[in-house]
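A quick write-up on the structure given underneath.
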Amino acid sequence: MIQVGTGGFGAAWCREFLSPSVRDRRVKVVAAVDLEPAALQNAQRYLRLPPERCYTDPERAFAENPADFCTVVIPPAAHEAVVDLALRHELDILSEKPIADTLEASVRIAQKVRQAGRKMGVTMSNRFAQDKATLRHELRSGHYGRVDYLVLRLTYNCRTYGSWGAFRHEISNPLLIEAGVHHLDVLAELAGAPIAASRRNLFAAGFALVALVIAAAGSLTSSSLGPSEMRLDRVPDEVNSVSSAPLAWLTRIRSGDIK
Ligand SMILES: NC(=O)c1ccc[n+]([C@@H]2O[C@H](COP(=O)([O-])OP(=O)(O)OC[C@H]3O[C@@H](n4cnc5c(N)ncnc54)[C@H](O)[C@@H]3O)[C@@H](O)[C@H]2O)c1
């Protein structure tokens, strides 16, 4: 496999997620890519890759190292280019969430992967965290009856530029794109939603997105500059202060413009 992204969370992939499997010979990492040469030290240190297998040029890394699959552990706006590269080299893909930085790019990626006949997995790791797993276990135990509705509160205090990774302070709606995707996934899972890619699910995701944005109005629009709160029980009249982008996505999904 080829590890794309070895800084930031990619350092954890090298150090914690991959290294035990590399040690047990279940996974063989043949190359690593990061635009930042210093970040490639993580691949050399934890994956024992020689310097000549560490690349700052993704095209060269893929061209020179046949592999079965690659990871994608770089900022969301750069995911699609790596997916394109992987598909050109007939690799499957294991990508960090979110699929991409926009719904359009996410849909394009899904279509391209399907058309190429490859497999792509997206790591939604938060649902497996111990607190969520315990809550899920309790909800399913039947001890508390049927769930009527779910409320999720997300708080972040990222007032200083770079305190939540520099790129998140530079993109639109970072709380939604970079964090809210986890919470939508956790809510969907706690509510017992099936996880499968279909147009119906895109509808559901669109509605959930709108609900989340309505709920987070006033806090999401100030993005990561201050502590924020997402609640699914906020009143809809706050919608006026919300970016219209998710509403536009929903309209386009419903009209069949995005399939
Ligand atoms: N599942 C989780 O809990 C979790 C946690 C953190 C990050 N993530 C995800 O991981 C991804 C990366 O986030 P991060 O926090 O590591 O970001 P980051 O900015 O801290 O690090 C990204 C790394 O990618 C490199 N990079 C950037 N563009 C590149 C490109 N085109 N080709 C190769 N390398 C490139 C950078 O040099 C840097 O080393 C995001 O999709 C993010 O949502 C998931």
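Among the residues in segment 69-86, are any in contact with a helix residue (DSSP H, G or I) (Cβ under 7 Å, 6 or more places away or on another chain) and modelled with pLDDT under 95?
Looking for residues that are in contact with a helix residue (DSSP H, G or I) (Cβ under 7 Å, 6 or more places away or on another chain) and modelled with pLDDT under 95, one finds none in segment 69-86, hence no.
Cβ-Cβ under 9 Å, sequence separation 6+ or interchain: first residue in segment 35-57 and free of Cβ contacts under 8 Å to residues at least 40 places away in the same chain and within 11 Å of the ligand (Cβ to nearest atom), partner of a type in the set (Lys, Arg) and not in a strand (DSSP E or B). Which pairs?
The qualifying pairs are Asn42/Arg15.
Which residue, of Phe69, Phe9, Phe17, is among the aromatic types (Phe, Trp, Tyr), surrounded by 13 or more Cβ atoms within 10 Å (Cβ to Cβ), closer than 14 Å to Leu91 by Cα and out of contact with any Phe, Trp or Tyr (no Cβ under 8 Å at 6 or more places or on another chain)?
Of Phe69, Phe9, Phe17, the one residue that is among the aromatic types (Phe, Trp, Tyr), surrounded by 13 or more Cβ atoms within 10 Å (Cβ to Cβ), closer than 14 Å to Leu91 by Cα and out of contact with any Phe, Trp or Tyr (no Cβ under 8 Å at 6 or more places or on another chain) is Phe69.
Kindly list the number of the only condition in (1) out of contact with any Leu (no Cβ under 9 Å at 6 or more places or on another chain); (2) in contact (Cβ under 8 Å) with a residue 12 or more places away in the chain; (3) near the ligand (Cβ under 10 Å from one of its atoms) that fails for Ala12.
Going through the list (1) out of contact with any Leu (no Cβ under 9 Å at 6 or more places or on another chain); (2) in contact (Cβ under 8 Å) with a residue 12 or more places away in the chain; (3) near the ligand (Cβ under 10 Å from one of its atoms), Ala12 breaks only (2).
Is it the case, given these coordinates, that Lys28 is surrounded by fewer than 22 Cβ atoms within 10 Å (Cβ to Cβ), near the ligand (Cβ under 10 Å from one of its atoms) and basic (Lys, Arg)?
no
Here are the criteria: (1) over 16 Å from the mean Cα position of the chain (by Cα); (2) in contact (Cβ under 8 Å) with a residue 12 or more places away in the chain. Tell me which single one Arg60 does not satisfy.
(2)
Restricted to segment 175-186, and to residues that are of a type outside the set (D, E, K, R) and either in contact with a Gly (Cβ under 9 Å, 6 or more places away or on another chain) or under 14 Å from Asp131 (Cβ atoms) (or both), which residue is surrounded by the fewest Cβ atoms within 10 Å (Cβ to Cβ)?
His182
Checking the condition surrounded by fewer than 13 Cβ atoms within 10 Å (Cβ to Cβ), of a type in the set (Val, Ile, Thr) and at pLDDT 90 or above, which residue from Thr160, Thr123 passes?
That would be Thr160, the only listed residue that is surrounded by fewer than 13 Cβ atoms within 10 Å (Cβ to Cβ), of a type in the set (Val, Ile, Thr) and at pLDDT 90 or above.
The values are calculated or read from the model by the stated rules, or taken from the named source; none is laboratory data. Predicted model only: the values in this text are computed from it and were never measured. Cβ atoms come from the backbone with ideal geometry, glycine included; neighbour counts cover every protein chain shown.
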